[in-house]
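Input: a single structure, listed below in structure tokens.
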Amino acid sequence: MRTRQRRRAGLPGRSRSADVEEAGRRFLLLGLLPLWVVPGLADWWMHRRTHIERTSGAKESMVHALMMTEAGVPVVVGLLARVNPLVLTTMGAAAVAHGATAVYDVWLATGEREIRPIEQHIHSFLEVLPLTALAFTACLHPDEVRATLRGGPDRQAWRLPPKERPLPAAYLGGLAAVIGAGVIIPYAEELRRCLRSRPTG
């Protein structure tokens with residue numbers, strides 16, 4: 001219907017593949033990335049509710065900071081740089097590292113504090129979201145995926161050039177504010193609380 005209207009108006013019609021690509025990009029940028037904060041904030045609340053500062057303490061909180069770094073670096077790279085084999089490889093390696101660290105995190109916390117079923121389900125979301133973001137990014141850039149699988153013979157494939165069409169500053173600023181308020185500030189508070197509660201002497 002919309003394509004027919006565009007043709008009547010003398011505008012080029014959009015193909016179905018272009019519509020699917022645009023829908024995928026919108027879901028990734030406006031759905032997945034902002035909503036990633038929700039399970040992260042819920043997990044922080046579960047840590048607080050089970051008094052992490054008096055149980056596993058700063059050692060577990062530092063592991064949380066490591067996992068946020070493993071998730072955050074590929075997100076920043078994907079938002080600012082042109083997607084190429086280096087970006088896809090970085091995302092894949094970070095997703096694997098994040099999954100391994102998540103296993104260690106649960107192993108570390110299990111003997112120290114109560115991990116309720118709801119927290120385990122929250123962890124499931126947090127573990128699968130990096131892989132979901134990688135999958136959507138790969139679907140949006142099939143040529144770069146093929147180049148990655150071939151080893152990216154072009155030297156430019158292993159550099160981080162800026163996007164040809166940078167994302168709007170308003171979007172990047174809004175996403176940064178959401179991540180700051182929903183992830184960075186709560187987990188910084190958690191680490192500070194754990195460090196202050198750590199026995200001295």
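Quick notes on this structure:
- Screening the chain for DSSP H helices whose Cα atoms reach 27 Å or more along their own axis and whose mean Kyte hydropathy is at least 0.0 gives 57-80, 85-110, 117-140.
- Between segment 144-184 and segment 72-118, the alpha-carbon centres lie 16 Å apart.
- Once each of the GluC sites (Glu not before Pro) sitting in a DSSP loop with at most 14 other beta-carbon atoms within 10 Å is removed, the chain keeps 1-113 as its longest stretch.
- Taking label positions 7 Å along the Cα-Cβ direction at both residue 150 and residue 131, the computed distance is 2.9 nm, reported to one decimal.
- Descending semi-axes in whole angstrom, ellipsoid equivalent of the chain, from the Cα gyration tensor: 38, 20, 15
- Heavy-atom accessible surface of the chain: percent carbon and sulfur, 1.4 Å: 63
- Using the Cβ-Cβ distance between residue 163 and residue 96 with R0 = 22 Å, the FRET efficiency computed as 1/(1 + (r/R0)^6) comes to roughly 0.30.
- Orientation-averaged projection of segment 54-173 equals 9.1 nm² [convex hull of Cα atoms, one quarter of hull surface area].
- The residues of the chain present an accessible area of 62 Å² per residue when probed at 1.4 Å with all protein chains retained.
- Extension gain, residue 23 to residue 45, is 4.7 nm, computed as 0.36 nm per intervening residue step minus the present C-alpha separation.
- Residues of the chain were split at every exposed loop site, defined as trypsin sites (Lys or Arg not before Pro) in a DSSP loop with at most 14 other C-beta atoms within 10 angstrom, and the longest piece left, sites excluded, is 15-149.
- Computed lengthening from residue 143 to residue 76, 0.36 nm per intervening residue step minus Cα-Cα distance: 22.0 nm
The values are calculated or read from the model by the stated rules, or taken from the named source; none is laboratory data. From a predicted model like this one, the values you see are computed outputs, not experimental measurements. Glycine gets a Cβ as well: all are built from the backbone with ideal geometry, and neighbour counts include every protein chain shown. With ligands, DNA and RNA removed, areas are computed over all heavy atoms of the protein, side chains included. Shrake-Rupley method; radii C 1.70, N 1.55, O 1.52, S 1.80 Å.
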